[in-house]
Amino acid sequence: MSISSSQTRPPRTVLWPLPLVILGAIAPLPSFASSHSNPPPVITGINPTSVVMAEFNGDGRIDLAVANYGGYGPPYNGSVSVFLGRGDGTFGAATDYPTGDASWELRAADLNGDGKVDLVVANYGADGPTKGSVSVLLSNGDGTFQQSLNYRAGIACSATAIADFDGDGVPDLAVADWDSAAVSILHGNGDGTFGARSVLPVNSVPKELATQDFNHDGRPDLVVANYGDSTVSVLIATGTGFQPKVDYVVGPDPTAVVAADLDHDGNADIAASRVLEGGISILFGNGDGRFGRRETIPGPWTNTWEMTSGDVNGDGNLDLITANSVGTTTVYLGDGVGGFTSQSYCAGSEPMSASVGDINGDGQMDLAVACNGGNPGVVAVLLGDGSGAYGDTTCVEPEDRYAALGLSPNPSHGAFVVGFSLQHDGPVNITVYDVRGRKVAVTGESIYEAGSHSVQMDVSSWNVKSRAGVYFVRLVSREATTMQKLVIIQ
């Protein structure tokens, strides 16, 4: 069933945020000028999509693990890069571990009860040899990991959550399957391996998962952000499975979700991103597994991709942090009663994911932000000052950067213009791909003079079943290869 709050709801606008990016070899994208003193970015693999902080080698310092989507494919040859922290805000060289096809979201937890932090990554690729899988990397305790083991969990896996869902004292995995409107539960064996799989139906295009005890029965429940519609699905655990889902309206196309007590009433609440509208929707828990009051927290338009939580200013209230494709991370400072104030900070080119922790050992909460918009990708380290602030709030592109590729209008109802600039005469080829990496349109190679140009395109001529959705427009010239996301709405 579907439940909508009696609170005022935002206008019903069809939005298409970008939950997936597929980038090939691209020229360096615009950097963002900043006067704030942060360590240099951490160089990671191709197309980083997710970052977690944890302590992997027992030295008491924060380390990083980053999921890398991989190159343009299929196959995408995903990987996880591990960086051991020095305790001063910087990190050592990467150790890379092959994972599955198009690695997407990363989680860290002790999966086999040995006291060491292991890693799990959801693999989005639906066409490669490890399609629809999760990769598990068990820790050796010295900062290294064993070779990944892959487990089938659907068609195109987009997110995981880790908890003991069946009450046997062993961690299990919940895995969102983007393509089949379902969540799979992989039941843990206790030794870091996983066996039986059960499948739970949810709504269209489950993008993100979170787990909390919503009804105080001591069992971890699930909430799923359904990118394909305007809902989150709540699944209450029974100890042997889950009750049928209950859907709550949160606003069009949610891509990120956090479950936590946001108002200090002892009940777990749900926060879901509002993506292209900006801001966050909060569903306040009743403590019995149901949710009543819904509030909309204002925020800038940022195209949020992922969200996390933590107390970044030390006031005892939980704050929310989003990674936004427009080059920023937004910090929503909580007031302890369910209200938030927001401020965005410069992070880098196309942030995908953020993680919170004390990177440099000064007792303040810092941010690590995985930025996808370059080759190779980077993780930006934003050092906190204890107030919840993270440096510059105005991001400026270098003045001498030419506009390699622009799309207008974007979002579009079908017709749009591809704009680009060349510094020298030469050939240009424009190709459009869908979110699975399949070609849907090609302009063919043409010769252009130095200067600015525009090409008219229209989705009506593309080889697609449904026109609405997210696409990627790729421009290849002798000067650069670059790509921009395109949103087509009904």
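The values are calculated or read from the model by the stated rules, or taken from the named source; none is laboratory data. Just so it is clear, the model here is predicted, and its values are computed rather than measured. Glycine gets a Cβ as well: all are built from the backbone with ideal geometry, and neighbour counts include every protein chain shown. Heavy atoms of the whole protein, side chains included, go into the accessibility calculation; ligands, DNA and RNA do not. Shrake-Rupley method; radii C 1.70, N 1.55, O 1.52, S 1.80 Å.
Within region 188-197, can you find the residues that are out of contact with any Gly (no Cβ under 7 Å at 6 or more places or on another chain) and either in a loop (DSSP other than H, G, I, E, B) or surrounded by fewer than 20 Cβ atoms within 10 Å (Cβ to Cβ) (or both)? If you could, list the steps in order and put the result at the bottom.
Restricting attention to region 188-197, the residues satisfying the condition of being out of contact with any Gly (no Cβ under 7 Å at 6 or more places or on another chain) are 188, 191-193, 195-197.
Within region 188-197, 191, 192, 193, 195, 196, 197 qualify.
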| query | If you scan region 417-437, which residues turn out to be under 30 Å from residue 205 (Cβ atoms), open to solvent by 20 Å² or more (accessible area, probe 1.4 Å) and either assigned to a loop (DSSP other than H, G, I, E, B) or among the hydroxyl-bearing types (Ser, Thr, Tyr) (or both)? | reply | 435, 436
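Has region 48-62 got at least one residue that is out of contact with any helix residue (DSSP H, G or I) (no Cβ under 9 Å at 6 or more places or on another chain), outside any loop (DSSP other than H, G, I, E, B), modelled with pLDDT under 95 and under 28 Å from residue 439 (Cα atoms)?
Taking region 48-62 as the starting set, the residues that turn out to be out of contact with any helix residue (DSSP H, G or I) (no Cβ under 9 Å at 6 or more places or on another chain) are 48-62.
From what's left, outside any loop (DSSP other than H, G, I, E, B): 48-54.
Subsequent filtering for residues that are modelled with pLDDT under 95 retains 48-49.
From the residues that got through so far, the ones that are under 28 Å from residue 439 (Cα atoms) too are 48-49.
There is at least one residue in region 48-62 that is out of contact with any helix residue (DSSP H, G or I) (no Cβ under 9 Å at 6 or more places or on another chain), outside any loop (DSSP other than H, G, I, E, B), modelled with pLDDT under 95 and under 28 Å from residue 439 (Cα atoms).
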| task | Just one of (1) at pLDDT 90 or above; (2) under 24 Å from residue 227 (Cβ atoms); (3) assigned to a loop (DSSP other than H, G, I, E, B) trips up residue 39, so point out which. | result | (2)
| query | Do you know which of the residues in region 99-129 that are modelled with pLDDT under 95 and either among the aromatic types (Phe, Trp, Tyr) or open to solvent by 30 Å² or more (accessible area, probe 1.4 Å) (or both) is farthest from residue 192 (Cα to Cα)? | reply | 127
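Quick grid of which residues meet (1) among the hydrophobic types (A, V, I, L, M, F, W, C); (2) surrounded by fewer than 24 Cβ atoms within 10 Å (Cβ to Cβ):
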residue	(1), (2)
164	no, yes
170	yes, yes
179	no, yes
212	no, yes
226	no, no
234	yes, no
| request: Could you tell me which numbered condition residue 359 fails, if it satisfies all but one of (1) more than 18 Å from the chain's Cα centre (by Cα); (2) surrounded by fewer than 21 Cβ atoms within 10 Å (Cβ to Cβ); (3) not in a strand (DSSP E or B)? | output: (2)
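Residues in region 83-110 that are over 22 Å from residue 125 (Cβ atoms) and assigned to a loop (DSSP other than H, G, I, E, B): how many? Working first, answer last.
Within region 83-110, the first condition is being over 22 Å from residue 125 (Cβ atoms), and the residues that meet it are 83-93, 95, 109-110.
With the extra rule that they be assigned to a loop (DSSP other than H, G, I, E, B), the set shrinks to 84, 86-90, 92-93, 110.
Residues flagged as over 22 Å from residue 125 (Cβ atoms) and assigned to a loop (DSSP other than H, G, I, E, B) within region 83-110 amount to 9.
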| message | Cβ-Cβ under 7 Å, sequence separation 6+ or interchain: first residue in region 471-489 and over 12 Å from residue 429 (Cβ atoms) and open to solvent by 30 Å² or more (accessible area, probe 1.4 Å), partner among the charged types (D, E, K, R) and modelled with pLDDT of 75 or more. Which pairs? | response | none
| field | Search result, residues across region 438-490 that are among the small types (Gly, Ala, Ser), assigned to a strand (DSSP E or B) and either under 31 Å from the mean Cα position of the chain (by Cα) or at pLDDT below 75 (or both) | value | 441, 469, 477
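Which residues, taken from region 252-288, are part of a strand (DSSP E or B) and more than 17 Å from residue 211 (Cβ to Cβ)? Before you say what the answer is, go through the steps one by one.
Step one: list which residues in region 252-288 are part of a strand (DSSP E or B), which gives 257-260, 269-273, 280-285.
Once the filter is applied, which keeps residues that are part of a strand (DSSP E or B) and more than 17 Å from residue 211 (Cβ to Cβ), region 252-288 yields 273, 280, 281, 282, 284.
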| task | Confirm whether residue 312 is open to solvent by 30 Å² or more (accessible area, probe 1.4 Å), part of a loop (DSSP other than H, G, I, E, B) and touching a residue at least 24 places away in the same chain (Cβ under 8 Å). | result | no
| task | Search region 179-202 for residues that are among the charged types (D, E, K, R) and pair each with any residue that is open to solvent by 60 Å² or more (accessible area, probe 1.4 Å) when their beta-carbon atoms are under 7 Å apart and the residues are at least 6 apart or on different chains. | result | 179/155
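Does residue 93 qualify as being among the small types (Gly, Ala, Ser), at pLDDT 95 or above, touching a Phe, Trp or Tyr at 6+ places or on another chain (Cβ under 8 Å) and open to solvent by 10 Å² or more (accessible area, probe 1.4 Å)?
Details: among the small types (Gly, Ala, Ser): yes; at pLDDT 95 or above: yes; touching a Phe, Trp or Tyr at 6+ places or on another chain (Cβ under 8 Å): yes; open to solvent by 10 Å² or more (accessible area, probe 1.4 Å): yes.
When the stated conditions are applied, residue 93 passes them.
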| query | Does region 182-195 contain any residue that is under 24 Å from residue 50 (Cα atoms), out of contact with any Pro (no Cβ under 6 Å at 6 or more places or on another chain) and among the charged types (D, E, K, R)? | reply | no
| task | Spot the failing condition for residue 353; the list is (1) open to solvent by less than 40 Å² (accessible area, probe 1.4 Å); (2) in contact with a Gly (Cβ under 9 Å, 6 or more places away or on another chain), and only one is missed. | result | (2)
| task | From (1) farther than 30 Å from residue 362 by Cα; (2) open to solvent by 10 Å² or more (accessible area, probe 1.4 Å); (3) in contact with a Leu (Cβ under 7 Å, 6 or more places away or on another chain); (4) not small (Gly, Ala, Ser), pick out the condition that doesn't hold for residue 267. | result | (3)
| message | So residue 260 ticks every box in (1) among the aliphatic types (A, V, I, L, M); (2) surrounded by 21 or more Cβ atoms within 10 Å (Cβ to Cβ); (3) closer than 28 Å to residue 116 by Cα but one. Which box is left unticked? | response | (2)
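Just checking, how many residues over region 198-219 are hydrophobic (A, V, I, L, M, F, W, C) and in a loop (DSSP other than H, G, I, E, B)? Lay out the reasoning, then the answer.
Looking only at region 198-219, we keep the residues that are hydrophobic (A, V, I, L, M, F, W, C), and these are 199-200, 202, 205, 209-210, 214.
So of that shortlist, the ones also in a loop (DSSP other than H, G, I, E, B) come out as 202, 205, 214.
Residues that pass the stated criteria total 3.
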| query | Among the residues of region 153-162, which ones are open to solvent by 20 Å² or more (accessible area, probe 1.4 Å) and not in a loop (DSSP other than H, G, I, E, B)? | reply | 162
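Condition check: of a type in the set (Gly, Ala, Ser), in a loop (DSSP other than H, G, I, E, B), open to solvent by less than 40 Å² (accessible area, probe 1.4 Å) and closer than 14 Å to residue 110 by Cβ. Does residue 141 satisfy that? Explain how you work it out, then say what you get.
Numbers: of a type in the set (Gly, Ala, Ser): yes; in a loop (DSSP other than H, G, I, E, B): yes; open to solvent by less than 40 Å² (accessible area, probe 1.4 Å): yes; closer than 14 Å to residue 110 by Cβ: yes.
Yes; evaluated as a whole, the condition is true for this residue.
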| Breaking point among (1) hydrophobic (A, V, I, L, M, F, W, C); (2) modelled with pLDDT of 95 or more; (3) within 18 Å of residue 155 (Cβ to Cβ), for residue 210 | (3)
